[in-house]
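Okay, structure first, notes after.
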Amino acid sequence: MKLTPFFKLVRLPNLVIVALTQFLLQYLVLLPALREAGLNPILDAFHFFLLVFTTVLIAAGGYLINDLLDYESDLVNKPDLVFVNRVFSMKLVWAMYAFVALVGFAIAWYLAGYVENRSLVLIYPASFFLLFFYSKRLKRMPLWGNVIVAIFCAFVAGVVLFAERENFALMGESGREVTVLFGGYLLFAFLSTMLREIVKDIEDMEGDAQLGLQTLPLRFGIKSAKNWALAIGVMLLFSLLIFVKWLAGRQEWLSVAFTTLGVILPLLYTLIFVRKSSTKGDFSRASFLAKLIMLSGLVLLLVCKLA
């Protein structure tokens, strides 16, 4: 198998970000708070790794099914990044999807048994089905597809806290900072993803229109879609300002400086750029800027805990 095309097929950089996000939240935020409260984590290092691995497999499966079901529109929207029926046969990609699903389900079943709660295994097929349904139907509807992707991005962080939910109820004072950081990151992940997904829908209008999809810009027009993106961006901006106020109250000035210079100002620039955008090239750049905003949230997490 050709490794470079395969890594592009499953979006390896995005999978690395998924794993990195969960490891940072676990080892920089949650575990120190658990130690402060005198509690041991429910998942040891090995079992937490398995949890991260199942999340990565869910994401990889989502990318594979998306490329399979969006093959025709991708030929128009991003012809240079189409690997289905070029590098890998459609039959082989379906086999990859099935393999990823089965391996992930087996690990999820083991983890559910390890924590003595078999019902938790249902989270895995539910996530896989939701991403399949997203690629098959929801992404073809205004906003619904954007919401599902944003929820999954928040889920990447949320599942870490969910795994330690029993301990979290016992953390007391040490749980307050965890609540702010996890809650803030969940909100940031949701809103920043929504912003990028709407801009990306505008960028991909040509290919989506050929397939008769009803994304937000195709259903209500580019102006309406831009207004939605700007409104979500403003909500993100206000949430960041509230976070800056919280940081200032704790006199964490380095974190205040990075949030302001590394996240808020780039977000303002991105919103102004989105408002002025009119061509596919403009929206492609705006989509890239929005992705950088998403990555800046991960760097902010590092700054807040290591500063």
Output for the range 68-82, where each listed residue is buried (at least 17 other Cβ atoms within 10 Å of the Cβ) and not in a helix (DSSP H, G or I):
ASP70, VAL82
For the range 112-141: of the residues being hydrophobic (A, V, I, L, M, F, W, C), farther than 18 Å from GLY158 by Cα and in contact (Cβ under 8 Å) with a residue 24 or more places away in the chain, which is surrounded by the fewest Cβ atoms within 10 Å (Cβ to Cβ)?
MET141
Residue check: is ILE42 part of a helix (DSSP H, G or I), among the β-branched types (Val, Ile, Thr) and modelled with pLDDT of 80 or more?
no
Checklist (1) farther than 16 Å from ARG165 by Cα; (2) part of a helix (DSSP H, G or I); (3) of a type outside the set (Gly, Ala, Ser); (4) touching a helix residue (DSSP H, G or I) at 6+ places or on another chain (Cβ under 8 Å) applied to LEU120, failing item:
(1)
Which pairs have Cβ atoms under 8 Å, sit 6 or more apart or on different chains, and link a residue in the range 73-85 that is closer than 9 Å to ASP208 by Cα and of a type in the set (Gly, Ala, Ser) to one that is modelled with pLDDT of 75 or more and not in a helix (DSSP H, G or I)?
SER73/ASP204; SER73/LEU213
Report, ordered by the first and then the second residue, all pairs with beta carbons closer than 7 Å, sequence separation of six or more or different chains, a first member in the range 200-229 that is in contact (Cβ under 8 Å) with a residue 40 or more places away in the chain and more than 18 Å from PHE273 (Cα to Cα), and a second member that is among the aromatic types (Phe, Trp, Tyr) and assigned to a helix (DSSP H, G or I).
LEU216/TRP228
Right, PHE273: more than 22 Å from VAL149 (Cβ to Cβ) and aromatic (Phe, Trp, Tyr) or not?
no
Within the range 1-39, the residues that are in contact with a helix residue (DSSP H, G or I) (Cβ under 7 Å, 6 or more places away or on another chain), over 18 Å from CYS153 (Cβ atoms) and part of a loop (DSSP other than H, G, I, E, B) are ALA37, LEU39
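Residues are listed down the side, and each one gets a yes or a no for (1) within 24 Å of LEU130 (Cβ to Cβ); (2) of a type in the set (Ser, Thr, Tyr); (3) touching a residue at least 12 places away in the same chain (Cβ under 8 Å); (4) assigned to a loop (DSSP other than H, G, I, E, B):
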{"site": "PHE46", "(1), (2), (3), (4)": "no, no, no, no"}
{"site": "TYR63", "(1), (2), (3), (4)": "yes, yes, yes, no"}
{"site": "LYS91", "(1), (2), (3), (4)": "no, no, no, no"}
{"site": "ALA108", "(1), (2), (3), (4)": "yes, no, yes, no"}
Scanning the range 168-196 for residues that are surrounded by fewer than 18 Cβ atoms within 10 Å (Cβ to Cβ), of a type in the set (S, T, N, Q) and either within 25 Å of THR54 (Cβ to Cβ) or in contact with a Phe, Trp or Tyr (Cβ under 9 Å, 6 or more places away or on another chain) (or both) gives THR179
The range 187-272: helices (runs of 4 or more DSSP H) wholly inside it with 3 or more residues that are of a type outside the set (S, T, N, Q) and over 30 Å from ASP74 (Cβ atoms) are 222-249, 253-258
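The values are calculated or read from the model by the stated rules, or taken from the named source; none is laboratory data. Please read these numbers as outputs of a predicted model, since none were measured by experiment. Cβ atoms come from the backbone with ideal geometry, glycine included; neighbour counts cover every protein chain shown.
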